[in-house]
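Structure record follows, encoded as structure tokens.
None of the figures in this text is laboratory data; all of them are computed from the coordinates on show. The structure presented is a predicted model; accordingly, all values stated were derived computationally and were not measured. With ideal geometry, Cβ positions are generated from the backbone for all residues, glycine too; neighbour counts draw on all protein chains shown.
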Amino acid sequence: MKKIVIQFFMLSFLYLTAQAQPDGVVLDTLHIKHIDGEGKTQVGVLVCNKTISKDLQEIFAELYKAKYPIERMRPISEYGDDDEASMRANNTSCYCYRVVEGSTKLSNHARGLAIDINPLYNPCVRRKKDGTILIQPATGKPYVDRKKKFKYKITKCDLCYRLFMKHGFKWGGNWNTVKDYQHFEKP
């Protein structure tokens, strides 16, 4: 039964990505060892742009070696392509065919060039035009205060941050108008 489910998932994923990806984007599916929140080794699935595959493999190999916790790592398609649902589950993911919030511009996630790490604990925080604060995922509100100590938090002193910077990524936590603590992207 397991083999049938996996084959069905892969066929569904291949169909979905063939239908929804920008021209010229070549996606790669990586099987990544990581340590979950309970300290157990898991093998996650990360779909990314082929141009950053090697970087991600090297980064996650170092994170695994250091026992850095990544709660889960599943393709966004397992959440019905619902980014909010994936983030609420603290799911680390890369490829997601979508636009930048509040615009018509394709996100770097749609090109497979951006990754969100432990997103529940590293929310995206932005001020909307009407002055209200938007937190994504909405359940990430307790983790907006970056002075607090909590599991999975990414900071500039963090190994995850240092490895992504070493590989030429930009961190959303460094942005001025939006603070996207979960987000790393390769220009």
*If you count the DSSP beta bridges with both ends in region 2-185, what percent of them are antiparallel, to the nearest 5?*
90 percent
*asked:* Based only on other Cβ atoms within 10 Å, what is the fewest-to-most ordering of Thr92, Thr177?
replied: Thr177, Thr92
*Amide hydrogen neighbours beyond the local backbone of Asn91, cut-off 5 Å, H modeled*: Leu120
*Can you give the net charge of the other residues whose Cβ lies under 12 Å from the Cβ of Ser86, counting K and R as +1 and D and E as -1?*
-3
*Could you list, in their original order, any pairs among Lys40/Lys141; Lys67/Lys151; Lys65/Lys147; Lys40/Lys65 whose Cα atoms are separated by more than 20 Å?*
Lys40/Lys141; Lys65/Lys147
*Ellipticity estimate at 222 nm from DSSP helix runs (n ≥ 4, -39,500 (n - 2.57)) divided over the chain, nearest 500*: -7500 deg cm²/dmol
*In what sequence do Leu106, Leu27 fall when counting other Cβ within 10 Å, fewest first?*
Leu106, Leu27
*Taking a cut-off of 19 Å between Cα atoms, list the lysines near Lys105, but don't count ones fewer than 8 places away on the same chain.*
Lys128, Lys129, Lys170, Lys179, Lys186
*In which sequence would Leu113, Leu30 go, from the one with the fewest C-beta neighbours within 10 Å to the one with the most?*
Leu30, Leu113
*Where in the chain are the DSSP H helices whose alpha-carbon span along the long axis reaches 20 Å or more and whose Kyte-Doolittle mean is at least 1.0?*
2-19
*Report, by chain and number, residues whose modeled amide H sits under 5 Å from the one on Val45, excluding near sequence neighbours (fewer than 5 apart, same chain).*
Ile32, Met73, Arg74
